[in-house]
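Computed from the coordinates by the stated procedures, all read-outs in this text should not be read as laboratory data. Nothing here was measured: the structure is a model prediction, and the numbers come from that model. Counting neighbours? That spans all protein chains shown, and the Cβs are built from the backbone with ideal geometry, glycine included.
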């Protein structure tokens, strides 16, 4: 099959590189509104074809699928065109800017029996897949909190704020690991330079006192990519900036005894060993490309399917509403689509 890749700015060339090496892909056809981006990609990857326009790419019968690496505001319209043209679709995160648009893309893909996948790259990393394995085996016990920090200096976006840019990554990780949907979201943020929020704090509330918190910032002097997950049995620190020991598991926690009254409750702090499990260091984007191709061949549902994309957009949309209303708690539907 051939894959059409639309958008050749920052992320598009990474998609080109990985699809060119993916099993089952015979070629890549690229398009970007910027002739400069297209020419630069052609120089770097001489084997790719360049389409004259998006319509030209969609009209090509030998192009089976389209991968969008375009601004978020274009995902819905370009994605809908691709699906209506009979192309399988991979969309860079987040899937859309509205839950209603995400639902429409999901329904369109299902009507046409097409694969819809979202490039939630981080859930394909060896580190996150290892943590999911531990969660599935209930090694952590009951999860009490999910706390993430994703900060750096830039890159400033102009069509979306820092929540849609950075928090989308950690919300997708949270959704993949916890396999629960929050019932309420709140967010505070501030704008300093480019007219959109460049730093923000989000909180998502779940049943059973599970709390998730996200700190995102384009104005940090250092780059931090860290997630803390607290369980009743084990606790995890996932640091994506670590070159090797990205996941560290701590046998630390709190044990309670004698709960007859507030005065007789005894709190014991448990401090045990720390270990760093071995994680697969295969490039996550190559696994994304591989799964997309395999799902097209077998018609199976990808891990980061349209529903996973919708779950992330629901939280982002609620966070945006809360941000605009000074941090007001936004209740989410108990039985979302």
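Reported value for the chain: 158 Å³ per residue, from the convex hull of its C-alpha atoms. For region 58-194, the Kirkwood estimate of hydrodynamic radius, built from reciprocal distances between every pair of different alpha carbons, is 17.1 Å. Taking Cα atoms only, the orientation of helix 35-44 departs from the longest principal axis of the chain by about 80 degrees. The angle between the Cα long axis of helix 168-178 and the longest principal axis of the Cα atoms of the chain comes to about 60 degrees, rounded to the nearest 10. Once C-alpha pairs closer than 8 Å and six or more residues apart are averaged by separation and normalised to the residue number of region 75-128, the relative contact order reads 41 percent.
Here the residues 77, 61, ranked from fewest to most Cβ neighbours within 10 Å of their Cβ, fall in the order 61, 77. Ellipticity at 222 nm from helices only: DSSP H runs of n ≥ 4 in the chain, each -39500 (n - 2.57), divided by the residue count, give -9500 deg cm²/dmol. Here the Debye sum runs over all C-alpha atoms of region 122-200 as equal scatterers in vacuum, and log10 of I(q)/I(0) at q = 0.18, 0.23, 0.24 Å⁻¹ comes out as -0.84, -1.12, -1.18. Based on the Kirkwood approach, the hydrodynamic radius assigned to region 1-66 is 11.5 Å, with every pair of different Cα atoms included. DSSP assigns beta bridges within region 58-209; of those with both partners inside it, close to 45 percent run antiparallel. With a Förster radius of 35 Å applied to the C-beta separation of residue 278 and residue 145, the computed FRET efficiency comes to 0.85.
Each label point was placed 7 Å from the Cα along the Cα-to-Cβ direction; for residue 193 and residue 45 their separation is 3.0 nm. A simple spin-label model places pseudo-atoms 7 Å from Cα toward Cβ; at residue 269 and residue 286 they are separated by 4.4 nm.
Normalised by the number of residues in the chain, the average gap of Cα pairs under 8 Å and 6 or more apart makes the relative contact order 19 percent.
Whole angstrom only: what separates the Cα centroid of region 124-142 from the Cα centroid of region 299-337? If we compute the Cα centre of each part, the gap is 22 Å. You can think of it this way: the chain between residue 56 and residue 104 has 14.9 nm of extra reach, that is 0.36 nm per residue less the Cα-Cα gap.
Working from Cα pairs under 8 Å separated by at least six residues, relative contact order for region 207-337 is 12 percent. Cβ crowding within 10 Å, taken as a proxy for footprinting-reagent exposure, orders 75, 215, 120 from fewest neighbours to most as 215, 75, 120.
Determine, for 286, 148, 257, 21, the number of other Cβ atoms within 10 Å of each Cβ, and report the residues in order from fewest to most.
Listing 286, 148, 257, 21 from fewest to most nearby Cβ atoms yields 257, 21, 286, 148.
FRET efficiency for the pair residue 113 and residue 251, taken as 1/(1 + (r/R0)^6) with r the Cβ-Cβ distance and R0 = 45 Å, rounds to 0.40. Taking the C-alpha atoms only, the angle from helix 126-136 to the longest principal axis of the chain is near 50 degrees. Its residues counted as N, region 282-337 yields a C-alpha radius of gyration over 2.2 N^0.38 Å of 1.59.
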